[in-house]
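Single-structure report; data block below.
The values are calculated or read from the model by the stated rules, or taken from the named source; none is laboratory data. Quantities reported herein were computed from a predicted structural model and do not represent experimental measurements. Positions of Cβ are generated from backbone atoms using ideal geometry, with glycine treated the same way; all protein chains shown enter the neighbour counts.
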């Protein structure tokens, strides 16, 4: 069984020191999900330019459905200038007024969401009012049994407390890193240990799963009162671009296959480590990753988290 996975939001070109690479968290997520055995597409928007044409070619080359990729008649395809620290940690200059800032609700997008087993969205693509309304409307229409993953992905000035709260109310799975948890703690008045803050977030927003990535310290998962703490393994980091997106893809497919929480956590961490040790956001993943997932029989019944109120989206 191939699960249907949808990434919603930005697609762009990362202008890396090593050259131009396909990027954007939802696109990276979809590419990794496909490499792990899913049927994946991206609801996004590119410009009517050569860079947009190249995105179609690149996505199709990676097996990603492009029927949900919109073309804007005037806005340019998104670009991000990326510099890397000595430790391989990326710094971003995200160019504004990109085509994905004008994302619309289309019939193709609605069909993809209605058929999806999991939908992943973040905060960056919601920086414009138009795209934010479109993304929240689409996520809110996902069927009750669909995983709605808010991969928060805070970038520079491109988020607000309102975007974060609205997105959490739409989601049933939250993925964040150890630099983003303090932002949420301040916004929502969370105190105590890391686990206490995560549990408070899960309770407040009816989140089925919360995943915290901690770089070299590994990852922490919470699901309905259960915890999994996976320490990482030292590696030689080339760059960390796309590693979080690969973790999210592995997490989602593990959840859909109802794998044990510890196994999901360690598997997702292993996939992310491989990406960190490779150049670019979407290096080819070893075939054994998808084979390991496929060895777990797909369940007849998916998770059925919270029902999103009709007025949850703006």
ask   = Counting only residues that are touching a helix residue (DSSP H, G or I) at 6+ places or on another chain (Cβ under 7 Å) and in a loop (DSSP other than H, G, I, E, B), which one in the stretch 56-83 is farthest from residue 282 (Cα to Cα)?
value = 75
remark   = With criteria (1) free of Cβ contacts under 8 Å to residues at least 40 places away in the same chain; (2) buried (at least 19 other Cβ atoms within 10 Å of the Cβ), residue 215 comes up short on (2)
The stretch 183-209 residues that are over 30 Å from residue 145 (Cβ atoms), paired with ones that are assigned to a helix (DSSP H, G or I) (beta carbon under 6 Å, 6 or more apart) = 185/197
request  = Assess whether residue 257 counts as being within 20 Å of residue 149 (Cβ to Cβ) and touching a helix residue (DSSP H, G or I) at 6+ places or on another chain (Cβ under 7 Å).
outcome  = yes
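Answer with yes or no whether residue 212 is part of a loop (DSSP other than H, G, I, E, B) and in contact with a helix residue (DSSP H, G or I) (Cβ under 7 Å, 6 or more places away or on another chain).
no
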ask   = Here are 63, 78, 37: which of them is under 26 Å from residue 175 (Cβ atoms), touching a residue at least 60 places away in the same chain (Cβ under 8 Å) and in contact with a strand residue (DSSP E or B) (Cβ under 9 Å, 6 or more places away or on another chain)?
value = 78
query = Can you name every residue in the stretch 2-37 that is touching a helix residue (DSSP H, G or I) at 6+ places or on another chain (Cβ under 7 Å), surrounded by fewer than 24 Cβ atoms within 10 Å (Cβ to Cβ) and within 23 Å of residue 143 (Cα to Cα)?
reply = 3, 4, 37
ask   = Restricting attention to the stretch 47-55, does a residue exist that is assigned to a helix (DSSP H, G or I), buried (at least 19 other Cβ atoms within 10 Å of the Cβ) and in contact with a strand residue (DSSP E or B) (Cβ under 7 Å, 6 or more places away or on another chain)?
value = yes
query = How do the strands (runs of 3 or more DSSP E) wholly within the stretch 84-191 filter down when requiring 2 or more residues that are modelled with pLDDT under 95 and under 27 Å from residue 48 (Cβ atoms): which remain?
reply = 90-94
ask   = Do any helices (runs of 4 or more DSSP H) lying entirely in the stretch 228-303 carry at least 3 residues that are crowded, with 20+ Cβ neighbours inside 10 Å and more than 15 Å from the chain's Cα centre (by Cα), and which ones are they?
value = 261-276
remark   = When the stretch 117-130 is checked residue by residue, the ones that are surrounded by fewer than 24 Cβ atoms within 10 Å (Cβ to Cβ) and either within 24 Å of residue 37 (Cβ to Cβ) or touching a residue at least 60 places away in the same chain (Cβ under 8 Å) (or both) are none
ask   = Under the condition of being without any contact (Cβ under 8 Å) to a residue 40 or more places away in the chain and within 17 Å of residue 120 (Cβ to Cβ), which residue from the stretch 172-182 is surrounded by the most Cβ atoms within 10 Å (Cβ to Cβ)?
value = 174
